[in-house]
Each structure stands twice: as C-alpha cells, then as structure tokens.
1. Residues being in contact with a Leu (Cβ under 8 Å, 6 or more places away or on another chain) and not hydrophobic (A, V, I, L, M, F, W, C): count how many of those fall in region 88-107.
2. What number of residues within region 104-120 satisfy the criterion of being within 26 Å of ALA162 (Cβ to Cβ) and more than 16 Å from ligand 1 (Cβ to nearest atom)?
3. Kindly indicate whether GLY84 is touching a residue at least 40 places away in the same chain (Cβ under 8 Å), within 23 Å of the chain's Cα centre (by Cα) and surrounded by 18 or more Cβ atoms within 10 Å (Cβ to Cβ).
4. If I ask for residues that are away from ligand 2 (no atom under 16 Å from the Cβ) and either of a type in the set (Val, Ile, Thr) or within 29 Å of LEU255 (Cα to Cα) (or both), which ones from region 317-333 would you list?
5. Testing ILE105 on (1) within 16 Å of THR13 (Cα to Cα); (2) within 23 Å of the chain's Cα centre (by Cα), one condition comes back false. Which one is that?
6. So in region 16-28, with the set limited to residues that are in contact with a strand residue (DSSP E or B) (Cβ under 7 Å, 6 or more places away or on another chain) and either part of a loop (DSSP other than H, G, I, E, B) or within 16 Å of ligand 1 (Cβ to nearest atom) (or both), which one is farthest from LYS69 (Cα to Cα)?
7. Every residue in region 60-81 that is surrounded by 15 or more Cβ atoms within 10 Å (Cβ to Cβ) and touching a Ser or Thr at 6+ places or on another chain (Cβ under 9 Å), please.
8. Please go through region 308-336 and give me each residue that is under 18 Å from the mean Cα position of the chain (by Cα) and either assigned to a strand (DSSP E or B) or within 24 Å of VAL56 (Cα to Cα) (or both), ordered by number.
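The values are calculated or read from the model by the stated rules, or taken from the named source; none is laboratory data. This one's a predicted model, so the numbers in the text were calculated from it and none came from an experiment. Here Cβ is always computed from backbone atoms with ideal geometry, including for glycine, and neighbour counts include all displayed protein chains.
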Amino acid sequence: IYILAIESSCDDTSAAVLMNDKVLSNVVATQAIHKEYGGVVPELASRAHQQNIVPVVAQALAKANIDKKQLSAIAFTRGPGLMGSLLVGTSFAKSLALGLQIPLIEVNHMKAHILAHFIDDETMKAPSFPFLALTISGGHTQIVQVNDFFDMKIIGQTLDDAVGEAFDKSAKILGLPYPGGPLIDKYAATGNPLRFEFPIPKVKDLDFSFSGLKTSILYFIQKQTKEDADFVKNNIEDICASIQYTIITILMRKLKKAVKLTGIKEIAIGGGVSANSGIRKILIEAQAKYGWKTYIPKFEYCTDNAAMIGIVGYYKYKNEAFVKQDITAKARYLIS
Ligand code: ATP
Ligand code: FE
C-alpha cells in the first residue's frame, strides 16, 4: 500500500509517501515569513501553503521514487488548525484523489502526533496499548489515554496556553525570534536550572495552566532589567534553563499523577515540544527512576510533518475508513 500524506494545518507545508508503515519520503517546507511578525500570520500561512503545496508533493513523490499512478490513497490533515491553512491541504488532497480515482482519508492532526510512534523506523519502538500520550505542541497540551489506534480519551489538558506557547511567549519576552522554543532549549543546555525560581501553578486534576508562568517571567524580567539593562543578555543561559526547568516540572507532576490514577506506565510523548532535549532526557531517566516505559519519537516526527498523517492514513486504509468528496476542513476538531 502506498499512501501520499499531506499536512498543512499551521505554518509547515509537508508531504510524505509511505509504503505500508514505512516512510519513503517526508518533505517539510517551513515558512520563514512569520519570523518577521513574531508569530504565525494566518493569511500569510495560507498563501505560502498555496505556493508550496505543488512542489512539496512533487518532491515527496520524487524522493520516494513513486509515480502518482502507484498511489493507493491520499491522506490529509482535516484539523485542528488554521482554517485558511487547512483548506489548502484539504482541497489539494480532494482534487488529487478525484483525479486519480483513489480513496481519500481524513486525519486528525493531534491523533497523528500520537500515532507517529507507530511509524516503522529502526530508531523507534511502538508503545503497547493502553498507553498514556503527553501531547505537547504549539496549540495543545494534553494527556490522552490511548486504548487502541482509534480509541483515545483526553484525561487532562491546558486551561489556557499550550506548552509550545509558553516556550514561544517566554522567548519573545527575552527578545528571541519566533519560534523561540528551540532557542530556549539551546541556551538552557549550558545554564543553571535552579538559578531563578518561577511559580508552579496549582491546577485541578490532570489539567494544566501556563499563562501565569508567562506573566511571572514578564514581571521578573522587567524588574531585573530596571536594575541592570543587560540582565537578559548576561544571564540568558540561566534564565532559559530556569524557564525550561519550570515547564518540565509542571508537565512531570501531572504525568506522575496520571500514572497513579490510571495505573498505566507506558508513556509516549508527541507534538513539537517533544523535540525539547530537557523533556527527552527526563523521560529517559524516568524509566529507571519510576519504572515507566517511555517512548520518544524521532526528531523529525515530533514537529509538524506529513509522515505522521501517513501512518494514520495507513491504519485507516486497512479499516477502509474513507471519506467522500463532500468532506470539509475542521479548524476545531477534537480527538474524541
Ligand atoms: P498543534 O500541533 O497543537 O496544532 P503546531 O502544529 O503549531 O500546534 P507543533 O509543530 O507540533 O505545533 O509544535 C511547534 C511548537 O513546538 C512551537 O511552539 C515550538 O516552539 C515548539 N518547539 C519545537 N522544538 C522545541 C524545543 N526543542 N524546545 C521547546 N519547544 C520546542
Ligand atoms: Fe502539530
């Protein structure tokens, strides 16, 4: 089975070709335009997708050495995401499937972040059901109990900002360019995580809150900069390490609570923020420390990519879960 997968939910245009559960190609065009604005501008994202989609799909097919006539089906991201962005991928997928007379498969982006673990790759192994998925990305922060490929339930989520936003907004306060998450990670590597202390919010059950953190960082930086104009510049490593440490502490506390409540010790992370080296490290350590089995996707399957859409497409293909041409994009689209 050959699946062509298309992802265009936010600011990355991506296309992948899978042979069953193996990735033959996974092309991602990241839109640089948003850097100037310090965040994703929906209108510009949509236009960039329109420019990128044809060459990105062509490249994915060429890299996989597959002719479009060999394709078994087309999978695309239906949502959640920016409507203008989703429309480009959805319309493209629909017309290509119609032209080629092959089945069309709709995929939920957040499910894909979770099921990316099932891509057949020698550097990764798949979690066994049931497992807990911590999905941490630019728009979401969820703890999901995954009972089977298509049986999942959100058991905890953020009440305000997502973890990725917490990283990016903190970075913005520090004057770092968008998206700041990876830069905080980079500076944190050589910083002292215990140098500055930021409050851990008290939130009920398995839910999260990150908006308070951003505010406390803002006030802290404003205060310190008044005393020393070069405070950020001179302490960037320690500030980033302390912010990252606080975010990881918040995530780990809830994860421990979820393990306790469910009795499930299989833990898989997903979403762009799972590229964070501090999170990857603490989850590897958790295996010996708490007796968990932790699963961390390969770097390129963490941030937005079409390969993860393709793996969901493959499992849906086996179930013959196809959609018709009247399918529409869905900006708000829950996983269950
Ligand atoms: P969603 O998946 O919720 O729709 P999205 O698709 O925009 O949101 P992803 O691409 O999954 O988000 O993740 C992007 C986020 O991941 C950004 O906020 C980015 O800063 C963050 N991120 C990427 N790498 C790192 C890193 N190494 N450390 C911290 N954050 C990171
Ligand atoms: Fe994403």
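1. The total comes to 1.
2. Step one: filter region 104-120 for residues within 26 Å of ALA162 (Cβ to Cβ), giving 106-119.
Narrowing the set further to residues that are more than 16 Å from ligand 1 (Cβ to nearest atom) leaves 118.
Of the residues in region 104-120, 1 are within 26 Å of ALA162 (Cβ to Cβ) and more than 16 Å from ligand 1 (Cβ to nearest atom).
3. Details: touching a residue at least 40 places away in the same chain (Cβ under 8 Å): yes; within 23 Å of the chain's Cα centre (by Cα): yes; surrounded by 18 or more Cβ atoms within 10 Å (Cβ to Cβ): yes.
Yes, satisfied.
4. Just the residues of region 317-333 that are away from ligand 2 (no atom under 16 Å from the Cβ), to begin with: 317-328.
Passing the criteria: VAL323, ILE327, THR328.
5. Among (1) within 16 Å of THR13 (Cα to Cα); (2) within 23 Å of the chain's Cα centre (by Cα), the lone unmet condition for ILE105 is (1).
6. Step one: list which residues in region 16-28 are in contact with a strand residue (DSSP E or B) (Cβ under 7 Å, 6 or more places away or on another chain), which gives 16-19, 23-28.
In the following step, the residues that additionally are either part of a loop (DSSP other than H, G, I, E, B) or within 16 Å of ligand 1 (Cβ to nearest atom) (or both) were identified as 16, 26-28.
Working: ALA16: 15, ASN26: 19, VAL27: 19, VAL28: 22 Å.
So the residue we want is VAL28.
7. ALA60, LEU61, LYS63, ALA64, ILE66, PHE76, THR77, ARG78, GLY79, PRO80, GLY81
8. Going residue by residue through region 308-336, those that are under 18 Å from the mean Cα position of the chain (by Cα) are 308-313, 330-336.
If the condition is that a residue be under 18 Å from the mean Cα position of the chain (by Cα) and either assigned to a strand (DSSP E or B) or within 24 Å of VAL56 (Cα to Cα) (or both), then MET308, ILE309, GLY310, ILE311, VAL312, GLY313, LYS330, ALA331 are the ones that fit.
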